[in-house]
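The values are calculated or read from the model by the stated rules, or taken from the named source; none is laboratory data. For clarity, every value in this text was computed on a predicted model and none was experimentally measured. Here the Cβ positions follow ideal geometry from the backbone for every residue, glycine too, while neighbour counts run over all protein chains shown. Surface areas here come from the heavy atoms of the whole protein model, side chains and all, with no ligands, DNA or RNA. Shrake-Rupley method; radii C 1.70, N 1.55, O 1.52, S 1.80 Å.
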Amino acid sequence: MKETGDPHGAELRARAVIDLAAVRANVRTLRERAPGAALMAVVKADGYGHGAAPCARAAVAAGATWLGTATPQEALALRAPGAGVPDDVRIMCWLWTPGGPWREAIEADVDVSVSGLWALDEVTAAARLAGRAARVQLKADTGLGRGGCQPGDWAELVAGALRAEAEGLLRVTGLWSHFACADEPGHPSIAAQLSTFREMVAYAEARGVEPEVRHIANSPATLTLAESHFDLVRPGIAVYGVSPSLEIGTPMELGLRPAMTLTASLALVKNVPGGHGVGYGHHYVTPGATTLGLVPLGYADGIPRHASSAGPVLVEGKWRTVAGRVAMDQFVVDLGGDEPAPGAEAVLFGPGDRGEPTAEDWAQACGTIAYEIVTRIGSRVPRVHVNGEESG
């Protein structure tokens, strides 16, 4: 069943079809990898470009009991009535800046992450105004070096949180951290971070913190590090069927299915002679008489400019390559004399079932990671969500 949009309807320029059945299947696979832990489906960045609310509903239908976001605005959008997320599903957000909407998050029953005393001060002040306790998760920097409280400052943060908890201003619901290199099996930082996390958790609990959940496992750790699962796992990219690292395995090897298929309709097909320049700078010149197909997607739609002369596209069963530069709204493929009709489908990436490229193929062509390929697809490309109804 279709949930939103129509892959064969009026949006003929381009579309990103999102298979929600794949999202549900991926969540089930991830739950099987961590049978003793609850699962938080991370739906930040508009569900890694897949649509946050539809993917959140699909993940919950498959057994996710938590949802994770980066910004408070993302979390509050999931609490809005139109999002369709059940009230009993916990939502957490972790990327806060001074002056953020703490009170709104508290009143929406959102778990907020605190990494330092400034944030603790702001959330407790907001709790006083709201007249209710905030749900707070303390983040430990166990070695990633981004957000999180350094071990040397942990005692002060824990003490401050416990004082606020005694005043009824907050409840410490979680202790958590994030891996730096879990996508590199055997990296020495993995064991070091786990050890530090256990020590910081033990310190907090010895002083009276009673968290509902302790968590550090991202997608690669959920898939490969059972010792990191604790009470909750927090997969992101794997929910959408993309492998976090080919060192761990391909999506098929991991039991995952890519959920996004990006297609466009050829805007023009034309014959050109040999020696004809193509695109800005003439970085591609036709080696002989050929046909060119115009794909109406460009870097304004999230197609990486680094895909110039490299990105793979399936047209009429054959892999083609971006000919010359990716422009703002369009790029060209050399069809080698084939003459598909204008409007013929160009498949940039998908699960690979029809021999089409995958997001990983695009990442390899661009020298980046598949996370970036799917997440950067812009708002000009309509998302078409299919298989939105749970079918068992």
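Report, for the chain, the % of DSSP beta bridges that are antiparallel, rounded to 5. Numbers along the way, then the final one.
Numbers: 29 of 59 bridges.
Given both bridge residues lie in the chain, the antiparallel proportion sits at roughly 50 percent.
Before anything else, pin down the relative contact order of the chain: Cα pairs under 8 Å, at least 6 apart, normalised by residue count, whole percent.
Details: 929 pairs, mean separation 77.4, N = 392.
It comes to 20 percent, rounded to a whole number.
Of the accessible area of the chain, with the probe set at 1.4 angstrom, what percent is carbon plus sulfur?
52
Add +1 for every Lys or Arg and -1 for every Asp or Glu among the other residues with Cβ under 11 Å from the Cβ of Ser245, and state the total. Please list the in-between numbers first.
Numbers: positive: none; negative: Asp183, Glu184, Glu247, Glu360.
Neighbour charge sum, excluding Ser245 itself: -4.
Over segment 230-357, what is the relative contact order in percent, taking alpha-carbon pairs closer than 8 angstrom and at least six residues apart? Each step should come with its number before you reach the end.
Details: 291 pairs, mean separation 33.7, N = 128.
In percent, rounded to a whole number, it is 26.
Using just the alpha carbons, could you tell me how many Å³ per residue the convex hull of segment 151-295 encloses?
Numbers: hull volume 32.7 nm³, N = 145.
It comes to 226 Å³ per residue, whole-number rounded.
Within the set of other residues whose C-beta is less than 11 Å from the C-beta of Trp102, count the net charge using Lys and Arg as +1 and Asp and Glu as -1. Could the numbers behind the result be given before it?
On the way: positive: Arg103, Arg128; negative: Glu104, Glu107, Asp121, Glu122.
Once all neighbours under 11 Å are counted, the net charge is -2.
Here are a few candidate values for semi-axes √(5λ) of the Cα gyration tensor in Å: (i) 75, 20, 18; (ii) 44, 21, 19; (iii) 38, 22, 22. Which one was actually calculated from the structure I just gave you?
Checking each listed value against the structure points to (ii).
Under the rule of at least 5 residues apart or a separate chain, name every residue whose amide H is placed under 5 Å from the amide H of Asp141.
Counting only residues 5 or more places away or on other chains, the set is Cys149, Gln150.
Full-extension gain between Glu104 and Arg13, please, as 0.36 nm times their residue separation minus the C-alpha to C-alpha distance.
Working: separation 91, 0.36 × 91 = 32.76 nm, distance 3.89 nm.
In short, 28.9 nm is gained.
For Gln330, what charge total do you get from the other residues with a beta carbon under 13 Å from its beta carbon, if Lys and Arg give +1 and Asp and Glu give -1?
+2
Quick check: pseudo-label points 7 Å beyond the Cα along Cα→Cβ at Ala130 and Ala300, how many nm apart are they?
Taking the simple label geometry, Ala130 and Ala300 are separated by 4.1 nm.
Considering only protein heavy atoms, what per residue accessible area in square angstrom results for the chain with a 1.4 angstrom probe?
Numbers: 15990 Å² over 392 residues.
Ligands and nucleic acids excluded, the result is 41 Å² per residue.
Expected output is a single nm value to one decimal: the length gained when fully extending between His282 and Ala226, i.e. 0.36 nm times separation in residues minus the C-alpha distance. What is it? Walk me through the intermediate numbers first.
Numbers: separation 56, 0.36 × 56 = 20.16 nm, distance 5.20 nm.
Result for the pair: 15.0 nm of gain on full extension.
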